[in-house]
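The values are calculated or read from the model by the stated rules, or taken from the named source; none is laboratory data. Computed from a prediction, not measured in an experiment: that's the story for all the values here. All Cβ positions, even for glycine, are placed from backbone atoms using ideal geometry, and neighbour counts span all protein chains on display.
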Amino acid sequence: MTETTPRLGARVMALIDDLARHTDEPGRLTRLYLSPAHRATAEAVLGLMRDAGLSARIDAAGSVVGRIEGREPGLPALVLGSHIDSVVDAGRYDGPLGVVTGLVVAEEIRARGLVLPFALEVVAFGDEENVRFPTSLSTSKAWAGQYRMEWLEGRDAAGTSLREALTQFGGDPDGIPALARAREAIAGYLEVHIEQGPALEAAVQPVGVVSAIAGLTRARCTVTGEANHAGTVPMGMRRDALAAVAEMALAVERLSEGVAGTVATVGSLTVVPGAVNVIPGQVDFSLDVRAPVEADRHGLFAAIQAACRAIAQRRGVGFASETYMDNAAVALDLGLQAALDRSAQRLGFAPLRLPSGATHDAVAMAAIGPSAMLFVRCRGGISHNPAESITLEDADAATRVLLGTVLDLAGL
Ligand code: GLV
Ligand code: MN
Ligand code: MN
Ligand code: MN
């Protein structure tokens, strides 16, 4: 290859394409936490880390972690990474891009024979999307010492508990508390991630530095009406749980439109019993509320809850809501943002700051060490969709910015 060939980008794209083969659903990419496809991907990443000369293992919660010691053993680690779980019918870059760019940077450092004044770790977290179990960034929060042991008793749609799934995966529920990393052990955390929005494309820039990550509340809600015969019960005498939830979803939309910068989504519904000739007796639905300003998030969530209770009361149905995620907005580390900026500018890219509406493992890592993120332009701003796409040139730009940042922090 010539000097101008985007060698690192080509390696990143090839590895991401290879990992995308591992799916729980033939024909589309679905890789839920602790599934067989997650296990296969974790083993593939483990093999890549070992091939690159990292000492690597899969930890008790299912994260893959590889390490290169620095000038002496046991130094604090600069951690590079992201996650390898996915949403249902996902794109291939959300998550794996941050793992693979970290791995390729580690490969490059080994190939150049460089010795750093800190340890370098690469991590592939496993539970960022939180779509299988009612958890909140559980694998990175295990490192942050914020794991809630009651998460282990949460169940997926098939009734399997997280504890059972983790044991089947080969993990160790009882070993989770010991995963907590001391602040002194973490020199910093850098996560490369696709932007999942249109700002970089509009700015005609391949990469941007993330300033802050929006706060996020998620709840599981249940509306209880009365299942009855769809042909015999007059309209005015029904307690239809789904008709109530329809009103609630519209209230969620209307209330969030009223507060600038906030977003709220009803993303999943389960209708019970779910038959054409039965009035819905129960509906479970998900609620996801995000805002850059904490007071806006709390205010909107409270307003939605009040509106749902009022709708339920008027319609004579029950309403219950259980909040299982309440992540504060996180400002990312200014020193690491500046280091990413310097590296980007050395490579000829404009310094560009942007906030993140999506959540990331960096939220958990920021609790135990300075953390920062680099966003990479994605086509049409599309993500959580199989059409997710980035260019080889942009993958190369991101990897070089990350490598340059590591060398800058190392004083090399
Ligand atoms: C996960 O990707 C999220 O931001 O919801
Ligand atoms: Mn992600
Ligand atoms: Mn995602
Ligand atoms: Mn995310």
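Restrict the check to region 363-371 and report whether at least one residue is within 25 Å of residue 8 (Cα to Cα) and either within 16 Å of ligand 2 (Cβ to nearest atom) or under 19 Å from the mean Cα position of the chain (by Cα) (or both). Scanning region 363-371, I find at least one residue that is within 25 Å of residue 8 (Cα to Cα) and either within 16 Å of ligand 2 (Cβ to nearest atom) or under 19 Å from the mean Cα position of the chain (by Cα) (or both), so the answer is yes. Exactly one residue among 364, 312 is surrounded by 18 or more Cβ atoms within 10 Å (Cβ to Cβ) and within 16 Å of ligand 1 (Cβ to nearest atom), and that residue is 364.
In region 183-218, the qualifying residues are those that are away from ligand 2 (no atom under 15 Å from the Cβ) and part of a loop (DSSP other than H, G, I, E, B), and the one that is surrounded by the most Cβ atoms within 10 Å (Cβ to Cβ) is 206. Annotation: residue 133 fulfils all but one of (1) in contact with a helix residue (DSSP H, G or I) (Cβ under 8 Å, 6 or more places away or on another chain); (2) away from ligand 4 (no atom under 16 Å from the Cβ); (3) of a type in the set (A, V, I, L, M, F, W, C); the unmet one is (2). With respect to the conditions (1) among the aliphatic types (A, V, I, L, M); (2) over 24 Å from the mean Cα position of the chain (by Cα); (3) surrounded by 24 or more Cβ atoms within 10 Å (Cβ to Cβ), residue 10 falls short on a single one, namely (3). So, residue 155, is that one under 20 Å from the mean Cα position of the chain (by Cα), free of Cβ contacts under 8 Å to residues at least 60 places away in the same chain and more than 16 Å from ligand 3 (Cβ to nearest atom) or not? So residue 155 fits the description; yes. The numbered conditions (1) of a type in the set (A, V, I, L, M); (2) more than 30 Å from residue 208 (Cβ to Cβ); (3) in contact (Cβ under 8 Å) with a residue 24 or more places away in the chain are all true for residue 190 except (2).
Out of the residues in region 93-124 that are in a loop (DSSP other than H, G, I, E, B) and over 13 Å from the mean Cα position of the chain (by Cα), which is nearest to ligand 1 (Cβ to nearest atom)?
Only one residue tops the list, namely 118.
Among all residues of region 159-170, there is none that is in a strand (DSSP E or B), within 16 Å of ligand 4 (Cβ to nearest atom) and touching a strand residue (DSSP E or B) at 6+ places or on another chain (Cβ under 7 Å).
Looking only at residues that are charged (D, E, K, R) and surrounded by 14 or more Cβ atoms within 10 Å (Cβ to Cβ) in region 315-341, which one is farthest from ligand 1 (Cβ to nearest atom)?
Selected residue: 315.
Residues that are touching a His at 6+ places or on another chain (Cβ under 8 Å) and either more than 9 Å from ligand 2 (Cβ to nearest atom) or farther than 14 Å from residue 126 by Cα (or both) within region 98-114 comprise just one, 99. Summed over region 344-361, residues that are crowded, with 24+ Cβ neighbours inside 10 Å and either within 13 Å of residue 398 (Cβ to Cβ) or more than 13 Å from ligand 1 (Cβ to nearest atom) (or both) total 1.
To keep it simple, each residue is scored yes or no on (1) buried (at least 16 other Cβ atoms within 10 Å of the Cβ); (2) of a type in the set (A, V, I, L, M, F, W, C); (3) touching a Cys at 6+ places or on another chain (Cβ under 7 Å); (4) under 26 Å from residue 411 (Cα atoms).
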residue	(1), (2), (3), (4)
17	no, no, no, no
43	no, no, no, no
48	yes, yes, no, no
54	yes, yes, no, yes
80	yes, yes, no, yes
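Looking at 67, 39, 71, 50, just one residue is in a strand (DSSP E or B), of a type in the set (Lys, Arg) and modelled with pLDDT of 95 or more, and that residue is 67.
On the stretch given as region 254-294, residues that are surrounded by fewer than 14 Cβ atoms within 10 Å (Cβ to Cβ) and either touching a Cys at 6+ places or on another chain (Cβ under 6 Å) or within 17 Å of residue 307 (Cβ to Cβ) (or both) total 3.
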